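The values are calculated or read from the model by the stated rules, or taken from the named source; none is laboratory data. Not measured: the values here are computed from a predicted model. Don't worry about glycine lacking a Cβ; one is built from the backbone with ideal geometry, like all the others, and counts go over all protein chains shown. Heads up: the accessible areas ignore ligands, DNA and RNA and are worked out on the full protein's heavy atoms, side chains in. Shrake-Rupley method; radii C 1.70, N 1.55, O 1.52, S 1.80 Å.
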Amino acid sequence: MPGRAGIFSSVLFVASVVFVIPRIEPEAEDMGGPPMPREAVLICVNLCPSVATSPPSSSRVVLRFLLPGCPNHAASYTLAIQLRRRMVPTSTDFSISVKDSAPANVEATIVFVDEGQAAGAGIPGLGDADRAALDRLLASGVVRGKAKEVAFDVIDVGPGKFRRLFVVGLGKHEKLNAETLRQAAGHVVRALRKHRLAKANVFVPAGAVALPQAAEALVVGALLAAFDFEEYKGTGQKKDDAPKPKRMEWTLIAGGEDGKAAREAVERGRAIADGQNFARTIASRPGNDINPLSLAKVAQAMAREVGLTCRVLDEKEMAKLGMGGILAVGGGSIATPPRMIVLEHKGKGSGVGGQGSGKKGKAGRANLKSEISNQSPLLVVGKAITFDTGGISIKPADKMGKMIFDKCGGMAVLGLMYAAAKLKLPMHVVGILSSAENAVSSRAYRPGDILRMYNGVTVDVTNTDAEGRLVLGDALAWGIETYQPSAVVDLATLTGGVVTALGKSMAGVMSNSDEIVRELTIAAETAGEKMWRLPLGEEQRDQIRGDASDSVNSAGREAHPLQGGAFLSFFVPMDGSVPWAHLDIAGPADTEKELPYYAKGATGWGVRTLVEWVTLRSSTK
């Protein structure tokens with residue numbers, strides 16, 4: 001029998017474990033969504049004075065109880081760390097590593113070819129059997145290198161063992177860019193899933209795109225394509241005799257100095273894609289789980305994990321501040337009142353891969369000469385309407401369920417702030433999620449109401465379904481006054497009219513500054529996202545002037561996207577002293593069809609552009 005000291009030690013150890021689990025799990029639950037399964041497994045072992053914790057894996061922690069008298073209590077610390085590591089949900093399970101030679105124990109080899117590439121083309125490090133298969137596919141004309149083309153051959157690698165060689169077309173060499181590679185990676189992920197393959201060697205194509213950019217693009221495209229939102233899949237799913245693998249493992253082949261640059265690019269690509277997939281995950285959660293209160297908890301939990309500061313303004317504080325817009329929109333949702341969620345990243349030093357050092361790096365991102373100062377923070381504001389019925393000006397029932405995506409502007413800000421922290425971008429960035437639920441009740445605001453916004457502008461409500469501009473107006477005015485930013489960008493699924501004008505593939509941008517539009521255009525081109533500038537001036541502001549108030553929130557269908565931008569311009573300094581751009585992302589925020597690296601649903605559009613914009617700003621001279 002152990003003595004008193006041994007028993008006391010055991011009690012202390014067990015108590016430390018019991019204390020850690022409740023302390024960590026509520027933070028995990030703050031991320032919202034359905035209940036998360038406990039990932040820690042406690043195992044009792046036979047008496048042995050040298051027992052210690054087993055090495056932790058990325059998804060599970062195994063603890064062995066220490067024996068009486070053993071001084072090692074590190075297990076509880078390990079448990080806490082591992083449970084925290086998996087907090088931010090990205091709806092992916094994908095590992096990517098870089099090696100200078102191809103491992104043998106894989107199920108597939110991936111190579112990329114340009115259009116018209118001849119047999120015998122050299123791919124350094126490609127094995128003889130794979131090279132012979134590639135030459136056969138090229139010589140026979142099965143593979144022509146056209147964009148979106150994916151072909152394969154089966155290679156015998158031993159008794160009863162086979163490996164597939166996938167050859168992916170990139171199109172014309174002169175048109176090859178990073179977006180081509182993102183899309184190609186998306187096609188590869190879908191092909192591997194179709195063939196139920198999990199482990200692959202990937203040879204990064206060299207030439208038209210610098211290797212670090214190519215590696216980053218492949219990582220981003222692959223991780224976005226691997227997004228699989230299954231939080232609400234239940235017991236009613238069809239059983240598959242040969243289920244597709246959940247986890248995927250890629251090894252990028254790049255040696256020497258290329259290997260070092262590729263590893264840095266992989267880390268950067270993962271941080272950006274994880275931020276975007278995090279945004280997609282929260283955007284995909286329905287209104288019965290994500291509302292302003294639970295969204296605030298998600299933001300707080302993420303901030304704790306990555307080292308951001310987070311402030312949440314509740315309805316009482318907003319009432320004291322005089323935020324009449326967001327309070328009116330959220331007033332109809334009695335149980336879930338509005339929240340203004342403020343995330344702050346105070347970047348110091350350089351980020352992963354030397355980004356933001358002010359020098360032209362291996363990734364090919366040059367210095368930016370800009371008229372906009374970096375002396376003050378960048379402010380990014382997102383509309384986060386967690387569900388939009390339209391209010392009393394109620395929407396048609398058809399497709400109203402898609403209004404869970406009316407929070408996608410705020411989700412882009414959420415993804416940016418995650419990525420900025422993970423990349424340690426050397427910029428001071430403030431992100432505001434202006435969140436409300438536009439519901440119908442006896443407390444809902446009405447057409448004909450006149451609201452007084454934070455900056456004193458009065459608004460005659462003509463349509464309660466033009467609510468996004470009201471929550472953004474308060475956030476813009478308060479954020480600019482509070483943080484005195486050097487530049488401001490807002491994102492919102494604001495108008496259906498912008499979809500009519502520009503379609504589903506690009507955002508509309510309206511601005512008071514040619515310079516900030518130039519910067520955002522460069523960032524969007526780097527990110528592979530599209531935007532188009534729309535006019536904004538006194539003529540558009542005159543369209544929404546009110547009779548009994550300064551402004552109306554909607555003046556009919558004519559030039560509807562321009563009305564939205566004109567309305568928001570009342571909440572930034574009218575003298576143009578603060579460069580500001582409004583991005584109407586109603587088109588690309590979600591998709592109803594599969595795209596090369598997007599499944600149906602939320603896309604997380606804007607995260608990549610915002611990250612590239614902040615990176616550009618950090619290199620400003």
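What the table shows:
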quantity: Unit charges on C-beta of K, R, D, E only; dipole of the stretch 372-498, Debye; calculated: 320
quantity: Projected area, mean over directions - the stretch 438-518, Cα convex hull, nm²; calculated: 7.2
quantity: For the stretch 179-252, average projected area of the Cα convex hull in nm²; calculated: 5.6
quantity: Estimated vicinal HN-Hα couplings, Hz - the stretch 393-400 in sequence order (Karplus 6.51, -1.76, 1.60; Gly, Pro = x); calculated: 7, 5, 6, x, 5, 4, 6, 4
quantity: Alpha-carbon Debye profile of the stretch 136-220, log10 I(q)/I(0) at 0.17, 0.20, 0.25 Å⁻¹; calculated: -0.75, -0.99, -1.33
quantity: List D474, D228, ordered by accessible area with a 1.4 Å probe, largest first; calculated: D228, D474
quantity: ³J(HN,Hα), Karplus 6.51/-1.76/1.60, whole Hz, each residue of the stretch 216-226, x for Gly, Pro; calculated: 4, 5, 4, 5, 4, x, 5, 5, 5, 5, 7
quantity: Solvent-accessible surface (1.4 angstrom probe) belonging to D398, in square angstrom, nearest 10; calculated: 120
quantity: Charge dipole of the stretch 128-245 about the Cα centre (unit charges at C-beta), most positive-ward option of L218, P243, A198; calculated: P243
quantity: Order of exposure, largest accessible area first, which applies to F152, F166 with probe 1.4 Å; calculated: F152, F166
quantity: Area of D114 that stays accessible when all protein chains are in place (1.4 Å probe, Å², to 10); calculated: 30
quantity: Apportionment of accessible area to carbon and sulfur, the stretch 129-258, percent (1.4 Å); calculated: 50
quantity: Surface accessible to a 1.4 Å probe, per residue, for the residues of the stretch 511-599, Å²; calculated: 42
quantity: Nearest-0.05 FRET efficiency for D93 and L321, computed from C-beta distance (R0 60 Å); calculated: 0.90
quantity: Karplus 3J(HN,Hα) series, Hz, for the stretch 201-210 with 6.51 cos²θ - 1.76 cosθ + 1.60 (x for Gly, Pro); calculated: 8, 10, 8, 6, x, 10, x, 5, 10, 4
quantity: Share, in percent, of DSSP beta bridges within the stretch 361-504 that are antiparallel, nearest 5; calculated: 15
quantity: Furthest towards positive pole of dipole, A581, G537, A523, structure part the stretch 509-621, Cβ charges; calculated: A523
quantity: Residues of type aspartates and glutamates that K148 reaches as a straight line, Cα spacing below 14 Å, ignoring anything fewer than 8 places off in the same chain; calculated: D114, E115, E179, E594
quantity: Spin-label pair R196/E257, simplified geometry with 7 Å Cα→Cβ offset, distance in nm; calculated: 4.6
